[in-house]
Amino acid sequence: MLEAIRILSVVAVIMFVVALFVPKYIPQYTRQKKIGIVVSAVFVFLLSSAIINYDVKPETKSASTAPVYQQRHTPESPSPSSQSIMFASPSEAIASSTPVPTPKLPSVGEKATVGKFDVTVNGLKTASEFGGESTEDQFVIITVSITNNDSDPRDISASMFKLSDANGKTYGIYDRIFYIRKGETEDLVYETVNPGLTRKRAVVFETPKDVSGLRLSIADGVALKATTTVDYSLE
């Protein structure tokens, strides 16, 4: 395109020179032809100028004034690759695949802290008769020691205890037994324990004979005072 513009410009100049300086002795050369040549030369010159302004200058202008935007690359957060997983150390691989162990439950003879109380299951036995009551199934009699570690008196009752088996069945307290016999543990009903004192009581449940996997759930208070519970293994 630039080459064609140059040629047009040269032709325009030649035509203009010819129009001005051609010898007058040429018979064919008249004033009208001279004006025609000059007009043609001017037309060719203006055409070449217009082409230059349309084709060349906009490109130069856009190239010089167009804003340049720098593309920014945001680094991606590193993710574990298959190589890093493949070449993980043995300890890391074991840690990622080993399940979290279940916390060990306290068992008979061990002390458990339940809220403001220390509770120890001293023992348990089963019987078909207890405290003047009999059953065709069995009574589970559990003796517990309860210590009040609070700075104020605290109430305790049989409702703090629930029994469950391996099948998820839950058994409530058997509340028809209440007795005090010499040499035997008093049945827990409801009482107030002063700070620092311990009460040794029996809680009784009626269950089928074939139950297994027994757990004793112990709450840290009576009614609205009970906010947490601890499970105690009886196996």
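For region 206-216, 3J(HN,Hα) computed residue by residue from phi via the Karplus equation (6.51, -1.76, 1.60; θ = phi - 60°) reads 9, 9, x, 6, 9, 5, 8, x, 5, 10, 10 Hz, glycine and proline entered as x. In sequence order, region 106-122 has phi-based couplings of x, 10, 4, x, 9, 8, 10, 8, 10, x, 8, 10, 9, 10, 10, 7, 7 Hz under the Karplus curve 6.51 cos²θ - 1.76 cosθ + 1.60, θ = phi - 60°, and Gly or Pro positions carry x.
Every read-out reported here was derived from the displayed coordinates using simple, explicitly stated rules and does not represent laboratory data. What you are looking at is a predicted structure, and each value in this text was computed from that prediction instead of being measured.
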